[in-house]
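K.L.:
The structure's right below; bear with me while I get my questions together.
No lab work stands behind these numbers, since they all come straight from the coordinates. Everything numeric here is computed off the predicted structure, so don't read it as measured data. Heads up, the Cβs are rebuilt from the backbone with ideal geometry, glycines too, and the neighbour counts pull from every protein chain shown.
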Amino acid sequence: MPNRDYQNQRRDYDAPGLSKTQLHPSPFIQFSHWMKDVLASPIQDATAMSLATVDASGQPHNRIVLLKETTEEGFIFYTHYDSEKGHEIATNPKAALLFFWPELDRQVRIEGELIKVSNATSQTYFESRPRDSQLAALSSMQSQPVASRKALEETFAKKAEQYQNQTIPHPEHWGGYCLVPNKFEFWQGRPNRLHDRFIYTPTALKETWDIQRLSP
Ligand SMILES: Cc1cc2nc3c(=O)[nH]c(=O)nc-3n(C[C@H](O)[C@H](O)[C@H](O)COP(=O)(O)O)c2cc1C
């Protein structure tokens, strides 16, 4: 039976429109313009993005991670290399990212392949993290069963004691991935469900991008 509480959740989108002429020829720069708008607004977890990967059986898996850096190559996040996602990425590097900023009526979809960032890059970022986050990375076997909350906190306390007054070493199992994109979509909510959608795909020589409006 349809759930009325869900069905009544609707609103109109009335953000200013998006046209091809307004879009930057580079999807990376277009993304940075939108991210600038997000960071200037009081949106929480502005850099949170859904990361979709696929396992060996073809089953997709989805989770939120935080975007930590964009480079000329792609979009970087950090995680545990031995996590469920780490195993999926080792089997199949194809992945998709999704940002949704409801306050701005905007969505961005990015598809491509994941590569590990260099160990030096991971180490530099690890060293910039708060000490407790470093200890957590050392204490958590991400995605593995754990006996109890108590067991987790005990491991954390043991690591804190072990490295008291010492630099916490960057664990090899922890590091970054960079999603190297081959497709972007920018979605702007508009009135009457006639939303603006534009996709960027690489041109034949992969030096520039084609921009195409899609039906909403
Ligand atoms: C707001 C938010 C931010 C998160 N950021 C990260 C992150 O940057 N890296 C990460 O490994 N997990 C992050 N997580 C946890 C993941 O969603 C996920 O639970 C974890 O990575 C294990 O995923 P897996 O079992 O599919 O490997 C975040 C979760 C939330 C809700």
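K.L.:
Please list, ordered by first then second residue, the pairs with beta carbon atoms under 8 Å, 6 or more apart or interchain, first in the stretch 53-69 and in contact (Cβ under 8 Å) with a residue 60 or more places away in the chain, second among the aromatic types (Phe, Trp, Tyr) and within 8 Å of the ligand (Cβ to nearest atom).
P.N.:
Short answer, once both residue conditions are applied: Lys68/Phe77; Lys68/Tyr78.
K.L.:
Would you confirm, using the coordinates I've provided, whether Thr201 is among the β-branched types (Val, Ile, Thr), under 22 Å from the mean Cα position of the chain (by Cα) and in a helix (DSSP H, G or I)? Show your work before the answer.
P.N.:
Values: among the β-branched types (Val, Ile, Thr): yes; under 22 Å from the mean Cα position of the chain (by Cα): yes; in a helix (DSSP H, G or I): no.
Against the criterion (among the β-branched types (Val, Ile, Thr), under 22 Å from the mean Cα position of the chain (by Cα) and in a helix (DSSP H, G or I)), Thr201 does not qualify.
K.L.:
To continue, here is another question. Do you know which residues across the stretch 37-52 are more than 30 Å from Thr91 (Cα to Cα), free of Cβ contacts under 8 Å to residues at least 60 places away in the same chain and not in a loop (DSSP other than H, G, I, E, B)?
P.N.:
Matches in the stretch 37-52: Leu39, Ala40.
K.L.:
Shifting gears a bit: Do the conditions hold for Ala136, that is, is it of a type outside the set (Asp, Glu) and within 28 Å of Thr167 (Cβ to Cβ)? Step through it out loud before you land on a result.
P.N.:
Working: of a type outside the set (Asp, Glu): yes; within 28 Å of Thr167 (Cβ to Cβ): yes.
Criteria met by Ala136.
K.L.:
If you take the residues in the stretch 1-36 that are of a type in the set (Ser, Thr, Tyr) and not in a loop (DSSP other than H, G, I, E, B), which one is nearest to Arg109 (Cα to Cα)?
P.N.:
Narrowing the stretch 1-36 to residues of a type in the set (Ser, Thr, Tyr): 6, 13, 19, 21, 26, 32.
Now drop any that are not not in a loop (DSSP other than H, G, I, E, B), which leaves 6, 21, 32.
Values: Tyr6: 24, Thr21: 20, Ser32: 14 Å.
That would be Ser32.
K.L.:
Being assigned to a strand (DSSP E or B), away from the ligand (no atom under 15 Å from the Cβ) and either closer than 21 Å to Met35 by Cα or in contact with a Ser or Thr (Cβ under 7 Å, 6 or more places away or on another chain) (or both) is the filter here; which residues of the stretch 76-115 pass it? Please lay out each step first, then the result.
P.N.:
Going residue by residue through the stretch 76-115, those that are assigned to a strand (DSSP E or B) are 76-80, 94-101, 106-115.
Next, from what is left, pick out any that are away from the ligand (no atom under 15 Å from the Cβ): 94, 106-113, 115.
Hits for the stretch 76-115 are Arg106, Gln107, Val108, Arg109, Ile110, Glu111, Gly112.
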